[in-house]
């Protein structure tokens, strides 16, 4: 199974802070630019729960449009992340059936790595 490593930049769109007392539920949107084996743009729609100290858990869908190792198309990644207890965990899954164009049939699982040199997507994938 091929292993993708793709650095990216991310910019959050302005969002209203969640109202009410913690725990709160908020929503935000991010724009991403990927380089490396994946040359693409992504848009992330995220819903999160937070307490007074910060984020606890989030779920998101991310549409990615671009070229993955020479294959052009789009696909959707599902994010499930937790920051509870100070131990971050994240699981990414390619949404089955979401691949278009030359990425039709794409499957995969991965994560996001945050390192001093920047963030990167790491994804084990298959193209049928």
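Values in this text are rule-based calculations from the coordinates and carry no lab data. Please read all numbers here as calculations on a predicted model, not as lab measurements. A quick note on method: Cβ atoms are made from the backbone with ideal geometry, for glycine too, and the neighbour counts reach across all protein chains shown.
Which of the peptides 89-97, 13-21 is most tightly packed, and how do the rest follow, judged by the mean count of other Cβ atoms within 10 Å per residue? The partial results should precede the final answer.
Values: 89-97: 14.7, 13-21: 9.0.
So the order, starting with the most tightly packed, is 89-97, 13-21.
May I ask you to derive the FRET efficiency for residue 71 and residue 24 from their Cβ-Cβ distance with R0 = 41 Å, giving the value to the nearest 0.05?
On the way: r = 40 Å, r/R0 = 0.98.
Given R0 = 41 Å and the Cβ-Cβ separation, E is 0.55.
Roughly what would the spin-label model give for residue 80 and residue 11, points 7 Å off Cα along C-beta, in nm?
It works out to 3.2 nm between the two label points.
Label residue 47 and residue 100 with points 7 Å out from Cα along Cα→Cβ: what is the distance between them in nm?
Here the modelled spin labels are 2.4 nm apart.
Taking the alpha-carbon centroid of each part, what is the distance from segment 9-56 to segment 66-86 in angstrom?
First find each Cα centre; the distance between them is then 14 Å.
What percent does the relative contact order of segment 3-127 come to when contacts are Cα pairs within less than 8 Å and at least six residues apart? Before the final figure, lay out each step's value.
Values: 323 pairs, mean separation 25.7, N = 125.
21 percent.
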